[in-house]
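The values are calculated or read from the model by the stated rules, or taken from the named source; none is laboratory data. Quick caveat, the model's predicted, so the values are computed rather than measured. So basically every Cβ, Gly included, is an ideal-geometry build from the backbone, and we count neighbours across all protein chains shown. Heavy atoms of the whole protein, side chains included, go into the accessibility calculation; ligands, DNA and RNA do not. Shrake-Rupley method; radii C 1.70, N 1.55, O 1.52, S 1.80 Å.
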Amino acid sequence: MKPNSIFNWHEFVIVVFYFFSQINTGISQDTYTEQELEILPRFREMVKAGATQEYMKENKYLVRFLRASNHNLQSAESKIQEAFNWRKENHIDSYLSRDLSYFLHHYPILFSFDKYGRPAASSAVRYINPRKLVLSGKLEELRDYVRFLFDYGINLLHKVSNETGKEYIEMYLIGDMAGYNVRNHACLACMAAYFEVAIAYEKYYPRVAHRIIAVNTPRIFDKDAVSIYGYDRGEWSKVLYKLFEKDQLLPEFGGTAQFSDHSCLYSKENKCQSQINQH
């Protein structure tokens, strides 16, 4: 390995995080503009035949594709039909019933809610070792796990919105970067996997993130390009406490929640679908 290769890897990681940060650029709100309310009925009629789930005919789902297409109906139709075809080809609707217990216990995610009921997904880098997955040949399973998490989050977002009467179009994504290191988190195959996740997010789950919050972030990341927080706990804890009760945050973020609190994901039997139905 050349002496300057670590520096180059850092630059590569920054590019990936910058790419993630740009995906949700644009409107970030839970209300509809007059233009959106005017074109949503027409857009629904254009695409409803391809929907694989009823929630995909709702305004909350449709408007994400409109916003990702700058409200161009033809472009939005193309994007959403591609997403529908991808779901059918990859049997995405069956993912919530799959046995992903290995990843749920070794790479845990907490789904919680802010003070106003908006869903949030959070985890910490120290629980994740992509290099280990590469060496153990589990990248395909990791891809399935990411798809499961995306779909669970979308289902939860729509179920909560419908039952509370609040239009939650987007959810929080929160990450603790403490423990990040180039060897385990920036291997070549790891970076390829990150790009695949980012592209899947942009194409099939656009505009889902209401706000992305990263704390304990190493200095190698360009804070001007990505909205993140460093190691000043006093700084980022104020932001999180303003948004969330402590029982909805992991200890890494100054809270009291545990992964096991989410009985759906960490029960011996996968009961995610039933929990979404009962929320």
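Tabulated results
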{"quantity": "Listed residues Arg126, Arg147 arranged by accessible area, highest first, probe 1.4 Å", "calculated": "Arg126, Arg147"}
{"quantity": "Trp86, Trp236, ranked by accessible area, largest first (probe 1.4 Å)", "calculated": "Trp86, Trp236"}
{"quantity": "For the stretch 57-214, average projected area of the Cα convex hull in nm²", "calculated": "10.0"}
{"quantity": "Probe 1.4 Å - accessible area at Ile212, Å² to nearest ten", "calculated": "80"}
{"quantity": "Of every Cα-Cα pair in the stretch 104-155, the percent that sits beyond 18 Å", "calculated": "38"}
{"quantity": "Computed magnitude of the charge dipole of the stretch 57-146 (debye, nearest 20; Cβ of K, R +1, Cβ of D, E -1)", "calculated": "340"}
{"quantity": "Distance (nanometres) between label positions extended 7 Å along Cα→Cβ at Asp232 and Glu34", "calculated": "4.2"}
{"quantity": "Shape category assigned to the stretch 26-76 from the gyration tensor of Cα positions, a/c cut at 1.5", "calculated": "prolate"}
{"quantity": "Radius of gyration and maximum dimension Dmax of the stretch 76-130, Cα, Å", "calculated": "15.5, 40"}
{"quantity": "Surface/4 of the Cα convex hull for the stretch 131-218, nm²", "calculated": "6.5"}
{"quantity": "Contact order relative to length of the stretch 88-185, as percent, for alpha carbon pairs under 8 angstrom and 6 or more apart", "calculated": "37"}
{"quantity": "Largest-first ordering by accessible area, 1.4 Å probe, given options Asp247, Asp99, Asp151", "calculated": "Asp99, Asp247, Asp151"}
